[in-house]
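Right, one structure below, let's go through it.
The values are calculated or read from the model by the stated rules, or taken from the named source; none is laboratory data. Source: prediction; values computed, not measured. Because the Cβ atoms are built from the backbone with ideal geometry, glycine has one as well, and the counts that use them run over all protein chains shown.
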Amino acid sequence: MVKKSQNNRIDESIIDVISVSKSFGTRPVLNGVNLKVGRAQGVCICGVNGAGKSTLLRIISGLLEPSQGSVKLCGLEVGSEPEKTKSQLGVISHKSMLYPDLSLSENLLFFAGLYSVKESRKRVKELLEELGLASYRYDRTGILSRGMLQRLAIARAVIHRPAVLLADEPFTGLDTEACQHLISVLGKFRADGGTLVMTSHDTRLGLQCCDRVMVLDKAQIVFEAMTSEIDTDLFVQDYLAYAGNRD
């Protein structure tokens, strides 16, 4: 996996990762990574455990500073303008970042308040209906199944209509039905003009959500292509074989 596509032009860069490197102690996790993502694009980042996928997402989100390099989000420097970039960003991580003792509506209203969302109750109602959670709006969040909790986490992440959504292994622990629902929600986010960058060990599901795929290995991007340029079945087979040999 060393080929890089020459056809993935970016007309309007929403995310611009410039020569980013990150080391923990003496161990390099990222080494001179460059990445441009355009408006409404979806990028799936693949790689074995420890390849640097989550580290890259954390640097893009501003939660982690790079050792070298910089990141721009919607033209803003993430390192020097954290509050402005935060308003443009939604994050789905391994943790839901929701309060189990609050109801679904209360959770979303709380986060809507943090972002000063206008007509917040209308926005919360809209999201709960869109995600199939309206009938649970008054239930305690702590009783939700993994799939329903992930839906609510997505609602939390997009409550303020961000330009960018970062999703770190969003399919983990979901059944088939929940995965398909999530794919639909992420597709709508992109159809509405949102930009998606995600990581996924389930390569086939990740490719359904995105129009670009890249592989991180040994701290660098070693493969990059438009999904329209690859045979999905062959890519998944080759990647799984490659990852199995690397683990």
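All of Ser93, Ser87 fail the test of being touching a residue at least 60 places away in the same chain (Cβ under 8 Å), closer than 30 Å to Val236 by Cβ and surrounded by 14 or more Cβ atoms within 10 Å (Cβ to Cβ), apart from Ser93.
Take Thr141 and decide whether it is in contact with a Lys or Arg (Cβ under 8 Å, 6 or more places away or on another chain) and crowded, with 20+ Cβ neighbours inside 10 Å. So Thr141 fails the test.
For Asp175, the test of being farther than 30 Å from Asp238 by Cα, surrounded by fewer than 16 Cβ atoms within 10 Å (Cβ to Cβ) and of a type outside the set (Lys, Arg) is failed. When Leu174 is tested against (1) assigned to a loop (DSSP other than H, G, I, E, B); (2) out of contact with any Leu (no Cβ under 9 Å at 6 or more places or on another chain), only condition (2) is not met. With the structure loaded, tell me whether Gly42 is among the small types (Gly, Ala, Ser), crowded, with 23+ Cβ neighbours inside 10 Å and at pLDDT 95 or above or whether it fails that test. In short, yes. Take Arg151 and tell me if it is surrounded by fewer than 14 Cβ atoms within 10 Å (Cβ to Cβ) and either over 19 Å from the mean Cα position of the chain (by Cα) or among the basic types (Lys, Arg) (or both). Against the criterion (surrounded by fewer than 14 Cβ atoms within 10 Å (Cβ to Cβ) and either over 19 Å from the mean Cα position of the chain (by Cα) or among the basic types (Lys, Arg) (or both)), Arg151 does not qualify. Do we have any residue at all in region 94-113 that's aromatic (Phe, Trp, Tyr), farther than 18 Å from Gly194 by Cβ, outside any helix (DSSP H, G or I) and at pLDDT 95 or above? Checked against the condition, which is being aromatic (Phe, Trp, Tyr), farther than 18 Å from Gly194 by Cβ, outside any helix (DSSP H, G or I) and at pLDDT 95 or above, region 94-113 yields at least one hit. From the residues in region 193-220 that are of a type in the set (Val, Ile, Thr) and touching a Lys or Arg at 6+ places or on another chain (Cβ under 8 Å), which one is surrounded by the most Cβ atoms within 10 Å (Cβ to Cβ)? Going through the qualifying residues, I end up with Thr195. Here Glu129 clears all of (1) touching a strand residue (DSSP E or B) at 6+ places or on another chain (Cβ under 9 Å); (2) free of Cβ contacts under 8 Å to residues at least 24 places away in the same chain except the condition numbered (1). Would you mind stating whether Thr176 is hydroxyl-bearing (Ser, Thr, Tyr) and in contact (Cβ under 8 Å) with a residue 40 or more places away in the chain? Considered against the rule, which asks whether it is hydroxyl-bearing (Ser, Thr, Tyr) and in contact (Cβ under 8 Å) with a residue 40 or more places away in the chain, Thr176 comes out as no.
For (1) among the basic types (Lys, Arg); (2) closer than 22 Å to Val43 by Cβ; (3) in contact with a His (Cβ under 8 Å, 6 or more places away or on another chain), each residue gets a yes or a no:
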| position | (1), (2), (3) |
| --- | --- |
| Val71 | no, yes, no |
| Ser87 | no, yes, yes |
| Lys118 | yes, no, no |
| Val124 | no, no, no |
| Tyr136 | no, no, no |
| Gly147 | no, no, yes |
